[in-house]
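Below you'll find the structure, written out as structure tokens, and then a few comments.
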């Protein structure tokens, strides 16, 4: 019991309230279930808790700058455009890097800040999860892997950013952006029509 409590604390810090606290060894969170609380450090060295955004819609985006599938959406500006549109509607966008030290995608805080500026990120925070606890708790498999949490703290979408599982930028204009469409439905008070999809991209570079 003590060991499990320590794991939960590492994931969630002081997170309480509408977000369920669970150990990463348990099954990945299911669509419709309570989102799992966590606390991570951002590129500015600040601690960011999911609890801070209770009552707001939150998007989680798993990121690896070295992944060609991620580069597809950033080099084209598609991800930045999606982030900006979401933030304009009051959505909180948390970009998470679960790459372990020494593996593809691992960045120092300084490198991350330079990347955010150079690529014009519009996310609310860039968060480090080097031990992979949060990624494993959510079952994040790929970069990008997207999740949407509604204002009630429920996970209402998880999967790919769109329905074109390629690394080709030319496929973006004809794709259905699942994140954008889900956010529109949430704003309109509707149920998310596509609540899950197959994530695609590079495997998350966990420590083990």
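Result for the chain in a Gaussian network model with C-alpha springs under 10 Å: among 153, 135, 55, the largest mean-square fluctuation is at 55.
Beta-bridge orientation, the stretch 2-203: approximately 60 percent antiparallel, per DSSP, counting only bridges with both partners inside. Rounded to the nearest angstrom and listed largest first, the equivalent-ellipsoid semi-axes of the stretch 94-165 from its Cα gyration tensor are 22, 15, 13. By DSSP, the beta bridges lying fully in the stretch 30-113 are antiparallel in about 40 percent of cases. Over what distance in Å are the Cα centres of the stretch 91-115 and the stretch 157-173 separated? That distance is 21 Å.
When the Gaussian network model of the chain links Cα atoms closer than 10 Å, the mean-square fluctuations of 126, 53, 147 top out at 53. Note: relative contact order over the chain, using C-alpha pairs below 8 Å and six or more positions apart, is 26 percent. If R0 equals 30 Å, the separation of the Cβ atoms of residue 117 and residue 47 corresponds to a calculated FRET efficiency of about 0.85. What residues of the stretch 184-205 lie in the reach of a label at residue 151, counting those whose backbone N is under 20 Å from a point 7 Å from the Cα along Cα→Cβ? So the set is 184-193.
Each reported figure results from applying straightforward, stated rules to the coordinates on display, with no laboratory input. Please read all numbers here as calculations on a predicted model, not as lab measurements. Cβ coordinates were reconstructed from backbone atoms using ideal geometry, including for glycine residues, and neighbour counts include every protein chain displayed.
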